[in-house]
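Chemist: Here it is, the structure in full.
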Protein chains: 2
Amino acid sequence: MERLSIELGERSYPILIGPGLLDSVPVLDEAVHARDVLVVTNDTVAPLYLERMLRGLAGRRVEHVALPDGERHKTLGTLERVLDALVEHRMNRDACIAALGGGVVGDIAGFAAACYQRGVDYVQVPTTLLAQVDSSVGGKTGVNHPGGKNLIGAFHQPRAVISDTDTLATLPPRELRAGLAEVIKAALVADPGFLDWIEANLEALLSLEPGAVARAIRRSCEIKAAIVAEDEREHGRRALLNLGHTFGHAIETAAGYGEWLHGEAVAAGLVMAADLSRRLGWIDAADLARVKSLLARAGLPVVAPPIGAGRALALMGLDKKVLAGRIRLVLLRRVGEGVVSGDYPADALEATLVAHFGEAA
Amino acid sequence: MERLSIELGERSYPILIGPGLLDSVPVLDEAVHARDVLVVTNDTVAPLYLERMLRGLAGRRVEHVALPDGERHKTLGTLERVLDALVEHRMNRDACIAALGGGVVGDIAGFAAACYQRGVDYVQVPTTLLAQVDSSVGGKTGVNHPGGKNLIGAFHQPRAVISDTDTLATLPPRELRAGLAEVIKAALVADPGFLDWIEANLEALLSLEPGAVARAIRRSCEIKAAIVAEDEREHGRRALLNLGHTFGHAIETAAGYGEWLHGEAVAAGLVMAADLSRRLGWIDAADLARVKSLLARAGLPVVAPPIGAGRALALMGLDKKVLAGRIRLVLLRRVGEGVVSGDYPADALEATLVAHFGEAA
């Protein structure tokens, strides 16, 4: 088992990573101190893992609620179902919520924990690679609003994160790869040595070799934690974690959410960020090829859809007049070192957009 | 103008108290730093004060939303109306919410501020005496759930509180008196000198003499702030603020919410807490008479409704078997000094309940 401590003073918490953790009594005893527990899960994950987790929690009063699966259910209405369950089962301030599922379950359950009785404990038990590397660190919880993603929420740190790598065996391969995009992003932003390691161990990761997977999750969480620690409330350096995301956001939106998985759009966005960094002379053609090659080996898309540079700009919240220096992008100063910069020529960004999205549609 | 600073490190904020503040440009400039403001108010207050406040905020982009008036609208559904307005008016993270109204408006608007984009600024502009002395300090925000009051919410401190005492002129006299119950409570818990002052200035308070009103609000906020400062997250001493509230809660619930105003139930509850303190020998009969007399002079009820001691116990969440020492009550060690205690004989509590609520119904 890998173990990592997220240092946040009084709110510090452990992340435990490895196979067989979901029903490990010592692991659950370390993570869940409450006598009363509400497990929040979804209709897909419940048949697979709920029983095991309930066994591991035996001896406590445990209730559960299974939400419909999918990002489109990340709403205030679904949040209310969790709050209703907390009230119905008379959970008090000392109760603990356990989020068993992917990022959506974690975000909703964490937000319910943030606002039920003005804050109760929660524990994350992420069952997707994306949630294990991304949602485990940072304390962001919340739901979507019809007017935008994640517009309603809270910063609320979990008491512990239990990442059982066995759960990845039932994850659709496409989602596993999308999770790897965030692992690769973490390496690109902050750790050239980790990038070397991923390149050398990609087959082990794709075949879910437990030691390799746990190490990749651990290092990704460490990188995110180090960046977040400098910027818990998201004003500056935390933006580094968005490498590839501004471009990716345009892809996700143009395609309609759900067509491209988030990680897939990020992968294509990483290539574009690398491309722009090359145009600025910060990395060279070989570096760009290296980024592209690793993502392709991971089975991720490296070519953006031909939505046209003009439309992409609009989706990035920009128009040409306010382009230069008005949007801060995350770029690569070198491979393994991200930088947040608004200091690039408009021409270079436009060239990248045209090269990847095509001329204005 | 009276001025008080609530010291909470980075989250410290001023409370400004006095007449004519609502449309005072210097006051609003000190309180509201944002360029974009959403004023949250209700259907009763909007016709009275919204225009004035909008004038005071001139030069900013100001939108507003008026909620239906009343505690029964303190729901997730009403919260959603505020969130919808924030999205509709494209308020961003630098926007500020201004809560113009009583405690319900403040609780909902504050909670919306806590969770919109994971936290934006808000300013309270309380227009009831209760909200001016009670909701201005403590950082509690939230809404009710069908299963219980204030079950969903967050701790979120305002950037400033502007208590314009002119607004009390349009407050129904019954609500003014209910607010005074909390002022008297603050004095009973923590400041015998303030109690003397209230006794000497009660007529000035009831006739809304501005200097007296501002001083009473200021001192009540100071007392609450001092207690909350020791216990921001409500684990120990903060319970002192609940003097009279456990008994009052039984009255409110038995009568159906709305029949007795909260402050009225608290007033009758204060008499009961004093009565029990006298039975314990902590205060004497003259002290009890003094408490009763002051509340009566303020036009507040000092006699509980005859709901029966048995029913009252049940409404207090108790039965006889688990009575002694199992519920911590706020009592008076002496007049002007509250104490949280579970150390009283069951007989004494029962005698108080029977004397005030009558024999078991």
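We did not get these values from a lab; they are worked out from the coordinates using the rules stated. Remember, predicted model here, so these are calculated numbers, not experimental data. Glycine gets a Cβ as well: all are built from the backbone with ideal geometry, and neighbour counts include every protein chain shown.
Chemist: Tell me the distances, shortest first, between A:ALA351 and the same position across the other copies, using label points 7 Å along Cα→Cβ, in nm to one decimal.
Modeler: 9.2
Chemist: Now, a different point. If packing is taken as the average number of other Cβ atoms within 10 Å across a peptide's residues, how do A:328-339, B:292-303 rank, most packed first?
Modeler: Per-residue mean Cβ counts within 10 Å order the peptides as A:328-339, B:292-303.
Chemist: For peptide B:112-118, compute the average count of partner chain beta-carbon atoms within 10 Å of each residue's beta-carbon.
Modeler: Working: counts 1, 0, 6, 11, 4, 7, 15.
That works out to 6 on average.
Chemist: Sticking with this structure for a sec: To the nearest 500 deg cm²/dmol, what mean residue ellipticity at 222 nm is calculated for chain A from DSSP H runs of n ≥ 4 alone, each contributing -39,500 (n - 2.57), summed and divided by the residues?
Modeler: -13500 deg cm²/dmol
Chemist: Do the alpha carbons of any pairs in A:LYS149/B:LYS224; A:LYS74/B:LYS224; A:LYS74/A:LYS185; B:LYS74/B:LYS185; A:LYS149/B:LYS74 sit beyond 31 Å of each other, and which pairs?
Modeler: Numbers: A:LYS149/B:LYS224 38 Å; A:LYS74/B:LYS224 38 Å; A:LYS74/A:LYS185 25 Å; B:LYS74/B:LYS185 25 Å; A:LYS149/B:LYS74 25 Å.
Among A:LYS149/B:LYS224; A:LYS74/B:LYS224; A:LYS74/A:LYS185; B:LYS74/B:LYS185; A:LYS149/B:LYS74, the Cα-Cα distance tops 31 Å for A:LYS149/B:LYS224; A:LYS74/B:LYS224.
Chemist: Please list, short to long, the whole-number percent of alpha-carbon pairs of the protein assembly as shown in consecutive 10 angstrom bins beginning at zero.
Modeler: 3, 14, 21, 22, 18, 12, 7, 3, 1, 0
Chemist: Could I ask something else about it? Angle between the Cα long axis of helix A:346-357 and the longest principal axis of chain A, 0 to 90 degrees, nearest 10?
Modeler: So the helix axis and the longest Cα principal axis differ by about 70 degrees.
Chemist: Then there's this: With no solvent and one equal point scatterer placed on each C-alpha of the range A:173-357, evaluate the Debye formula and give log10 I(q)/I(0) for q = 0.09, 0.13 Å⁻¹, two decimals.
Modeler: The Cα Debye sum returns log10 ratios of -0.29, -0.62.
Chemist: Something else now. By DSSP, what percent of the beta bridges with both residues in the range A:80-210 are antiparallel, rounded to the nearest 5?
Modeler: Expressed as a percentage, antiparallel bridges in the range A:80-210 total about 40.
Chemist: Counting DSSP beta bridges in chain B, what percent are antiparallel, to the nearest 5?
Modeler: Once the DSSP bridges in chain B are tallied, antiparallel ones form about 40 percent.
Chemist: Across peptide B:129-141, what mean number of C-beta atoms from other chains lies inside 10 Å of a residue's C-beta? Kindly include the intermediate steps, with their values, before the conclusion.
Modeler: Values: counts 0, 0, 0, 0, 0, 0, 0, 0, 0, 0, 1, 1, 2.
If you average over the peptide's residues, the count of other-chain Cβ atoms is 0.
Chemist: Along its three principal axes, how long is chain A when you only count alpha carbons? Whole Å, largest extent first please.
Modeler: Principal extents (Cα only, largest first): 63, 42, 36 Å.
Chemist: Next up: In degrees, nearest 10, range 0 to 90: what is the angle between the Cα axis of helix A:245-255 and the longest Cα principal axis of chain A?
Modeler: 90 degrees
Chemist: Give the angle, between 0 and 90 degrees and rounded to the nearest 10, that separates the Cα long axis of helix B:103-115 from the longest principal axis of the Cα atoms of chain B.
Modeler: Helix B:103-115 and the main axis of chain B meet at about 60 degrees.
Chemist: Another one. I need the peptides A:72-79, B:12-19, B:144-151 ranked by packing, meaning the mean over residues of other C-beta atoms within 10 angstrom, with the highest value on top.
Modeler: Ranking the peptides A:72-79, B:12-19, B:144-151 by packing returns B:12-19, A:72-79, B:144-151.
Chemist: Separate question: With the label 7 angstrom out along Cα to Cβ, how close does A:PRO68 come to the same site in each of the other copies, in nm, nearest first?
Modeler: Result, one decimal in nm: 2.6.
Chemist: Please express the shape of the range A:2-169 as an equivalent ellipsoid: the semi-axes are the square roots of 5 times the eigenvalues of the C-alpha gyration tensor, given largest first in whole angstrom.
Modeler: Over the Cα atoms of the range A:2-169, the ellipsoid semi-axes are 21, 17, 17 Å.
Chemist: Take every DSSP beta bridge whose two residues both sit in the protein assembly as shown, then give the antiparallel share in percent to the nearest 5. Please list the in-between numbers first.
Modeler: On the way: 32 of 82 bridges.
Rounded to the nearest five, the antiparallel share is 40 percent.
Chemist: What's the average, rounded to a whole number, of partner chain beta-carbon atoms within 10 Å of each residue's beta-carbon in B:150-162?
Modeler: Average neighbour count from other chains, rounded to a whole number: 3.
Chemist: What is the Cα centroid distance between the range B:1-59 and the range B:268-289, reported in whole angstrom?
Modeler: 40 Å
Chemist: Going by average Cβ neighbours within 10 Å, how do the peptides A:240-246, A:20-26 rank, with the highest at the top?
Modeler: Details: A:240-246: 24.0, A:20-26: 16.4.
The peptides rank, most packed first, as A:240-246, A:20-26.
Chemist: Now for a separate question. Report the calculated FRET efficiency for B:ASN92 and B:SER293 (r = Cβ-Cβ distance, R0 = 60 Å), to the nearest 0.05.
Modeler: That gives a FRET efficiency of 0.65.
Chemist: A further question on this structure: May I ask you to report, in nm to one decimal and beginning with the shortest, the distances from A:HIS33 to the same position in the other copies, taking label points 7 Å along Cα-to-Cβ?
Modeler: Listed shortest first, these distances are 3.5 nm.
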